[in-house]
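The values are calculated or read from the model by the stated rules, or taken from the named source; none is laboratory data. Since the model is a prediction, treat every value here as computed from it, not as a measurement. Neighbour counts run over all protein chains shown; Cβ positions are idealised from the backbone, glycine included. When the accessible area is computed, the model is the full protein with side chains, heavy atoms only, and any ligands, DNA or RNA have been set aside. Shrake-Rupley method; radii C 1.70, N 1.55, O 1.52, S 1.80 Å.
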Amino acid sequence: MARIFCVANQKGGVGKTTTTVNLAAGLAKVGQRVLMIDLDPQGNATMGSGVDKRQLELTVYDVLLESASIAEARVHSDKCGYDVLGANRELAGAEVELVDVERRERRLREALATVRDEYDFVLLDCPPSLSMLTLNGLCAAHGVIVPMQCEYFALEGLTDLVNTIKQVHANLNKDLQIIGLLRVMFDPRITLQQQVSEQLKAHFHEKVFDTVIPRNVRLAEAPSYGLPGVVFDPGARGSQAFVEFAHEMVARVKKM
């Protein structure tokens, strides 16, 4: 049965989508069955998985409005080795359309129940705002993976996210917890980043993943080719770090 993880951070530009698609590709590479769900109307995780969002007949929008099942709407990315439940601009309309419907924050959770046995991991790429889409992701997930840069303002954003997770845990999803903090775009030459990294480890202890994702040009270039870095350039330092992170995730899930 799949373990479902949100990749979330209320601060924008911290590498959520890069983390989601590269972890999905890394997990697929180490033999895991993976479904990646794009909950951001921009559809970057869809395009970054080798799937053209403009060509999709069915998306996560149709699943949330219960006009299609996940089995009907998902597509397989041959290049990346995992399934994709994609998103495009249609999804922005779901915010408005879900306002008055029943069980609006549980739509994704209920839809996932029908395919959970088919996967080892389900990864949800969430938008940066605390929207109805993010709420659906948090209600469906067992835990949250938090990618963050080791910078001062990132710590402030983390406080907000921790409070949000506590509220969702208390009111909507008793399973929800922070699985771990992933340090991304890390440059060990910058003293401040080293200091923030040490602060994170001192405060969150084992919740900080051992794997560190370095700042890497090849990871940044990969989306323009419609691929995760792990597939685009497997030999790059950043790509190898994400495969290492995939191994760490598999090991951590076995202990849960």
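In region 196-210, is there at least one residue being assigned to a loop (DSSP other than H, G, I, E, B), open to solvent by less than 30 Å² (accessible area, probe 1.4 Å) and in contact (Cβ under 8 Å) with a residue 24 or more places away in the chain? Looking for residues that are assigned to a loop (DSSP other than H, G, I, E, B), open to solvent by less than 30 Å² (accessible area, probe 1.4 Å) and in contact (Cβ under 8 Å) with a residue 24 or more places away in the chain, one finds none in region 196-210, hence no.
Do we find a residue being basic (Lys, Arg) and modelled with pLDDT under 90 anywhere in region 182-196? Yes: region 182-196 contains one or more residues that are basic (Lys, Arg) and modelled with pLDDT under 90. Taking the criterion of being open to solvent by less than 80 Å² (accessible area, probe 1.4 Å), not in a helix (DSSP H, G or I) and not aliphatic (A, V, I, L, M), the residues of region 178-195 that qualify are 180, 183, 186, 187, 188. Kindly establish whether residue 227 is touching a residue at least 24 places away in the same chain (Cβ under 8 Å) and in a loop (DSSP other than H, G, I, E, B). In short, yes. For region 231-242, a residue qualifies if it is within 21 Å of residue 146 (Cα to Cα) and either open to solvent by less than 30 Å² (accessible area, probe 1.4 Å) or among the small types (Gly, Ala, Ser) (or both), and the qualifying residues are 238, 239, 241, 242. Among the candidates 28, 24, 45, the residue that is among the hydrophobic types (A, V, I, L, M, F, W, C), in a helix (DSSP H, G or I) and surrounded by fewer than 24 Cβ atoms within 10 Å (Cβ to Cβ) is uniquely 28. Only a single criterion out of (1) surrounded by 24 or more Cβ atoms within 10 Å (Cβ to Cβ); (2) of a type in the set (S, T, N, Q); (3) out of contact with any helix residue (DSSP H, G or I) (no Cβ under 7 Å at 6 or more places or on another chain) is not satisfied by residue 9, namely (3). A count restricted to region 48-61 and to residues that are part of a helix (DSSP H, G or I) and closer than 16 Å to residue 137 by Cα stands at 2. Taken together, 170, 141 contain a single residue that is touching a strand residue (DSSP E or B) at 6+ places or on another chain (Cβ under 7 Å) and either closer than 29 Å to residue 106 by Cα or loosely packed, with under 15 Cβ neighbours inside 10 Å (or both), which is 141.
Reported count of residues in region 66-77, each being under 19 Å from residue 21 (Cα atoms) and either buried (at least 16 other Cβ atoms within 10 Å of the Cβ) or at pLDDT below 95 (or both), is 5.
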